[in-house]
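Read through the structure below, which is laid out as structure tokens, and then see the notes.
Read-outs throughout are calculated quantities, based only on the coordinates presented, and are distinct from any laboratory measurement. Being a predicted model, the structure only gives us computed values, none of them experimental. Cβ: placed from backbone, ideal geometry, glycine included. Neighbour counts: every protein chain shown.
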């Protein structure tokens, strides 16, 4: 029978004893003696409280959460560098720091926020299930230190955990949750409290930890902005009479590739990012883009080689498919995984329509993107999340309304460059919002 954590929501008092025990157990003597010990130590276990503002009519309970060592662990499946492995005796998902490139993709796709990125070491850290203690017939340090018996470690059955506040995504986490005996709080007089449920949940969502911070993810933001432009420009040049400067194209293509390295914690291990083409969309993206750049560059210098141009186009499309699917793997509250920040079916068609001066293709693409953008914002508002109305209005104005009028109103008609600039600025806002919207609570 599978062994795993057992957590009783009725007993946890959020005392943080499990967090402290984990840190003590997994802190080496060298880091304890280091002057930067506080900076180096990353908490692998965390305690979060539902309804931490204690609103009436809403239950108050806490979760103690670390790695659940899932049977179908997405971190292990999707790691481009193959830095995760399964320990065969106890089934622990182990991370190999010397193989990690610090891309942080595992942080994004884990619904339980188990992998932790250490900016001082440039690699991921996570719960090891205290395998060394299990080998000595002792429980993990966190379970041994819980004073109320809320957290334990024993034999469990792998089954869906349909508990409020716990992300059940079908990856079979090795944890058994004991539900609240009374899922509702005691009846209280609420006349002096806010009764608007939407406002309450909006405030509760303000504390949700973001998977991605825009200021730290600027290399990925820039890369995902440039790649659609490069693929669109090449396809327009290959299929129509659009003139593309080879030197400028190659310069931006190499710049985008170089820029993506700044996202990695271990840049000199970047070569490992292609090791998991079989399962990882990130590996597929890197391989496809690495083939697209030289193939498209060769065609630009030898434009009569149609076969070469077709191959480059295919690699470019594969790059875009990989990017879209890479981000689609991230846990999300949204029911619709397609949105206006997707780059293949919407953004590229929009760019190509501008470059080849096809107003009907342009109008179709921009209407689809407008619909998806507004739908996405309405979904976030329904969930009580910040929709950034001023920024959203600016995005619609700059990226949709102005380009549409520039294309279709005769006395406002301008060159391709002006329309393209407005659309690109709109895409910049859209992509920036997309990174800000990657929330930890999928």
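Once both labels are positioned 7 Å from their Cα atoms along Cα-to-Cβ, the gap between residue 181 and residue 371 label points is 5.3 nm.
Over segment 84-124, the pair-distance histogram of Cα-Cα distances with 10 Å bins from zero comes to 28, 52, 19, 0 percent, rounded to whole numbers. Considering every alpha-carbon pair of segment 354-411, the percent of pairs per 10 Å bin, from zero through the bin containing the longest distance, is 21, 45, 24, 9, 1. What the Cα convex hull of segment 63-150 gives, in volume per residue, is 115 Å³. With an a/c value of 1.5 or above and a/b not larger than b/c for the gyration tensor axes a ≥ b ≥ c computed over the alpha-carbon atoms, segment 218-436 is described as oblate.
Each label point was placed 7 Å from the Cα along the Cα-to-Cβ direction; for residue 169 and residue 325 their separation is 1.7 nm.
To the nearest 0.05, what FRET efficiency results for residue 42 and residue 241 with a Förster distance of 51 Å applied to their C-beta separation? Intermediate values should be presented prior to the final figure.
Working: r = 55 Å, r/R0 = 1.08.
Efficiency at R0 = 51 Å is approximately 0.40.
Projected onto its three principal axes, the C-alpha set of segment 286-335 covers 48, 17, 11 Å, listed from the longest axis down. Sorted on the mean count of surrounding Cβ atoms within 10 Å across their residues, most packed first, peptides 390-402, 313-325 read 313-325, 390-402.
A simple packing score, the average count of other Cβ atoms within 10 Å per residue, orders the peptides 70-81, 167-178 as 70-81, 167-178, with the highest score first. Shape analysis of segment 242-300 places it in the oblate category; the axes a ≥ b ≥ c from the Cα gyration tensor give an a/c of at least 1.5, with a/b not above b/c. When 69, 95, 263 are sorted by how many other C-beta atoms sit within 10 angstrom of their C-beta, beginning with the fewest, the order is 263, 95, 69.
Using the per-residue mean of other Cβ atoms lying within 10 Å as a proxy for protection, in what order, highest first, do the peptides 150-159, 244-253 fall?
Numbers: 150-159: 16.6, 244-253: 14.8.
Ranked by mean Cβ neighbours within 10 Å, highest first: 150-159, 244-253.
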